[in-house]
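Here is the structure we will look at, set down as C-alpha cells.
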Amino acid sequence: MRMCPTWAVVMLSLAQVVSRHFLPDPVMIHEPFRTRFAADETAVRRALALLLVELRNHPNCDRGACEIVVAEVLNNIVEHACNGGEDGWIELCFAANETATLFTVSDNGVPMPDLRLPPLKNPIIDGAVGDLPEGGFGWALIHTLTQTLTYKRTAGVNTLTFEIAAYSMSE
Amino acid sequence: MQLDQRTVGDAMIITVNEPRIDALCAIQFKEQMRILSADAPQRVLLDLGQVDFIDSSGLGAIVAALKQMNDGQSLELACLSETVQKVFRLTRMDSVFKIHADVPDLGSCDA
C-alpha cells in the first residue's frame with residue numbers, strides 16, 4: 001500500500017515541529033569542567049595541573065588568581081575537612097564566561113566551624129621577624145581574589161562557590 | 001625537593017629546582033633550608049627562577065626559612081614568577097623580604 005503524498009507532507013512537517021521544540025538552539029555552550037578526586041595532596045596537585053590546562057581554553061581567565069585560590073581551597077579541604085580520612089573526595093567544577101570564572105568545589109569532609117566561612121583576617125606582619133606568621137595566609141588569599149564567595153552544607157557535603165574576575169578583553 | 005647551592009663572593013645562592021613549593025613539599029623545603037643555612041655565610045639568596053607557583057604552605061615555609069636564619073644572616077629572594085609575586089604582594093610579604101628581579105651580580109671568587 002502506497003502512502004498518500006499528503007500524509008508524507010504532514011509527517012515531514014510534524015517532524016520539523018518536533019525537532020524545533022526538542023533540540024536546543026545552536027548557541028555557543030561553554031562546557032563546564034568537572035573532576036572528582038581523592039582528598040589528598042598528591043591528587044590535589046594533579047587536579048590543579050588539569051585545571052590549568054583547561055583554563056588555557058579561556059584566554060581571558062586570570063589563571064594565576066584561579067590557581068592560587070583553588071589551591072588554597074583544596075588544601076584546606078585536605079588539611080581540615082577531610083584530614084586523612086580514607087574515603088574523602090573532592091569535586092571541582094568550573095565554567096567561564098566573558099567576565100568571570102565560576103567555581104564550585106564540594107567535599108564530603110566535616111563541616112566548617114559554626115557552618116560559616118572563616119572571616120577575612122590578614123595575618124599581622126608588622127612585628128619582629130621572629131614573630132612573623134607562618135600560616136593563616138590561605139583564607140586571606142581566597143577572600144581577596146574572589147567575588148560572591150558562598151558556603152553551604154547539605155546532606156553531609158560542603159559546597160563552596162566563588163567567582164574570579166576575568167581579564168578585561170579591552171585591556 | 002631539589003635545592004642547589006653555590007657560593008659567590010660572600011653570599012650563598014640557593015636555587016630551587018622545582019616548579020612548585022606547595023603543601024606537598026613545604027616541610028621538606030623548610031628542613032633543607034635549615035640544613036643549608038646552618039653553614040651559610042651572612043648573605044643567603046634564594047633563587048626562585050624555576051618556581052612557577054607557591055601556595056600559602058610554600059609561603060609559610062619561606063617565612064620559616066627566614067625565621068630560622070642565624071643572627072646576622074639575611075635571606076633575600078630573586079626571580080619571582082608573576083604568580084609567586086602575586087602571592088607575596090597580596091599577603092604583604094613583599095614588604096618583609098628584599099626581593100630582586102634577577103640574581104644580583106654578587107661578584108665572583110676569582111674576580
Next on the checklist: In whole Å, what are the extents of the protein assembly as shown along the principal axes defined by its C-alpha atoms, from largest to smallest?
Outcome noted: 102, 48, 34
Checklist entry - Assuming R0 = 22 Å, what is the FRET efficiency of B:ALA101 and B:GLN73, from their Cβ-Cβ distance, to the nearest 0.05? => result 0.45
Checklist entry - Among B:CYS25, B:ALA101, B:GLN2, whose Cα lies farthest out toward the positive end of the dipole of chain B, if unit charges sit on the beta carbon of Lys, Arg (+1) and Asp, Glu (-1)? => result B:CYS25
Item to check | Given charges at beta-carbon only (K, R positive; D, E negative), |dipole| of chain B in Debye | outcome: 400
Item to check | Electrostatic dipole magnitude of segment A:28-165 [Cβ: Lys, Arg +1; Asp, Glu -1; Cα centre; debye, to 20] | outcome: 320
Checklist entry - What is the gain in length, in nm to one decimal, between B:ARG92 and B:MET1 on full extension, counting 0.36 nm per residue of separation less the C-alpha to C-alpha distance? => result 30.1 nm
Checklist entry - Can you give the relative contact order of chain A as a percent, counting alpha carbon pairs under 8 Å and 6+ residues apart? => result 23
Next on the checklist: I need the calculated FRET efficiency for the pair A:ASN57 and A:ASP87, taking r as the beta carbon distance and R₀ as 22 Å, to the nearest 0.05.
Outcome noted: 0.10
Checklist outcome for this item: On complex formation of A with B, accessible surface lost, both sides summed, probe 1.4 Å, nearest 100 Å², amounts to 2300
Item to check | Electrostatic dipole magnitude of the protein assembly as shown [Cβ: Lys, Arg +1; Asp, Glu -1; Cα centre; debye, to 20] | outcome: 1120
Next on the checklist: Taking each residue in A:126-133, count the Cβ atoms of any other chain within 10 Å of its Cβ, then average. What number comes out?
Outcome noted: 3
Checklist entry - In terms of the ratio Rg/(2.2 N^0.38 Å) built on C-alpha atoms, what value belongs to segment A:34-74? => result 1.13
Checklist outcome for this item: Rounded to the nearest 5, the percent of antiparallel DSSP beta bridges in the protein assembly as shown equals 70
Next on the checklist: Per-residue Cβ counts within 10 Å, from other chains only, averaged over A:37-46: what number is that?
Outcome noted: 2
Checklist outcome for this item: Highest GNM mean-square fluctuation among A:GLY127, A:GLY136, A:GLY85, for chain A with Cα springs under 10 Å, belongs to A:GLY127
Checklist entry - Which net charge results for the neighbourhood of B:LEU106, defined as the other residues with beta-carbon distances under 12 angstrom from its beta-carbon, given Lys and Arg at +1 and Asp and Glu at -1? => result -3
Checklist outcome for this item: Of the candidates A:VAL44, A:LEU160, A:VAL129, the farthest towards the positive dipole end of segment A:28-165 (Lys/Arg Cβ +1, Asp/Glu Cβ -1, centred on the Cα centre) is A:LEU160
Checklist entry - Hey, what D do you get for chain B in µm²/s if you plug the Kirkwood alpha-carbon radius into Stokes-Einstein at 20 °C and 1.002 mPa s? => result 154
Item to check | Expected 222 nm ellipticity per residue - DSSP helices of 4 or more, -39500 (n - 2.57), all of the protein assembly as shown, to 500 | outcome: -10000 deg cm²/dmol
Next on the checklist: Please list, by residue number, everything in segment B:1-21 whose backbone N is under 16 Å from a paramagnetic label point 7 Å out along Cα→Cβ of A:GLU79.
Outcome noted: B:21
Next on the checklist: Just to compare against my own numbers: the Cα pair-distance distribution for segment A:28-165, 10 Å bins, whole % per bin, please.
Outcome noted: 11, 41, 34, 12, 2, 0
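The values are calculated or read from the model by the stated rules, or taken from the named source; none is laboratory data. From a predicted model like this one, the values you see are computed outputs, not experimental measurements. Note that we place each Cβ from the backbone using ideal geometry, even for glycine, and neighbour counts take in every protein chain shown. Keep in mind that these areas ignore ligands, DNA and RNA; they rest on the heavy atoms of the full protein, side chains included. Shrake-Rupley method; radii C 1.70, N 1.55, O 1.52, S 1.80 Å.
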